[in-house]
1. Could you give me the residue pairs with C-beta distances under 6 Å whose first residue belongs to segment 20-47 and is at pLDDT 95 or above, whose second residue is part of a loop (DSSP other than H, G, I, E, B) wherever it lies, and which are 6+ apart or on separate chains?
2. Residues of segment 86-114 being loosely packed, with under 14 Cβ neighbours inside 10 Å, among the small types (Gly, Ala, Ser) and not in a loop (DSSP other than H, G, I, E, B), which ones?
3. Does ASP29 fit the bill of being surrounded by fewer than 15 Cβ atoms within 10 Å (Cβ to Cβ), touching a Gly at 6+ places or on another chain (Cβ under 9 Å) and either in a loop (DSSP other than H, G, I, E, B) or not hydroxyl-bearing (Ser, Thr, Tyr) (or both)?
4. Just checking, which of GLY119, GLY133 is closer than 27 Å to SER33 by Cβ and touching a Cys at 6+ places or on another chain (Cβ under 9 Å)?
5. Answer yes or no: is there a residue in segment 73-82 that is part of a strand (DSSP E or B), in contact (Cβ under 8 Å) with a residue 40 or more places away in the chain, touching a helix residue (DSSP H, G or I) at 6+ places or on another chain (Cβ under 7 Å) and crowded, with 17+ Cβ neighbours inside 10 Å.
Amino acid sequence: MFPVPLALRVLCACACAFGAAAAHAVCLDGKPSIEQEFRDSAIVAVGVAGAARDVSVPDDPAGIDHTVYTVRLTRVFKGAPAGRAIELVSPNTSARFPLEPGVAYLLFVGEGQDGAYVGNCGWSGAVRDKGTGAVLRRVEAIAVRARRTGSR
């Protein structure tokens, strides 16, 4: 094994730190409780991601302004979507919430000026993930309680 110069180690550490930081959004308000995100969301549902289309705008240096995902809802805990499919807008920023086609997601959906969206600072995630499964069980309990008390 040969010694690695200090400058190279510092450069690698900086590249890793900045690369990791760029992959995640800055969550200024922190992560809400599951109950708070349920209350604040227009729709809370499980849906399977389908088609995605990138939307370009001329003044965006990257060329892609946002991605629109079509999601087929399989279970709705809160909200009244117009149909069994919704479109979610995901900006081409650190706030994006990318979806993988064919994967089921627990989604806390908000309404913004550009349409329905999922923030990446909350509890939305792929159902196959162990942590999201635990959140899903909490959401089921919250939805039952909300139906009983009429506080959806």
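1. ILE34/TRP123; GLU37/GLY122; GLU37/TRP123; ALA42/GLY79; ILE43/GLY79; ILE43/PRO81
2. Answer for segment 86-114, where residues must be loosely packed, with under 14 Cβ neighbours inside 10 Å, among the small types (Gly, Ala, Ser) and not in a loop (DSSP other than H, G, I, E, B): just GLY112.
3. On the way: surrounded by fewer than 15 Cβ atoms within 10 Å (Cβ to Cβ): yes; touching a Gly at 6+ places or on another chain (Cβ under 9 Å): no; either in a loop (DSSP other than H, G, I, E, B) or not hydroxyl-bearing (Ser, Thr, Tyr) (or both): yes.
The answer is no for ASP29.
4. From the options GLY119, GLY133, the qualifying one is GLY119.
5. Checking segment 73-82: at least one residue is part of a strand (DSSP E or B), in contact (Cβ under 8 Å) with a residue 40 or more places away in the chain, touching a helix residue (DSSP H, G or I) at 6+ places or on another chain (Cβ under 7 Å) and crowded, with 17+ Cβ neighbours inside 10 Å.
The values are calculated or read from the model by the stated rules, or taken from the named source; none is laboratory data. Source: prediction; values computed, not measured. Here the Cβ is made from the backbone with ideal geometry for all residues, glycine too, and neighbour counts use every protein chain on show.
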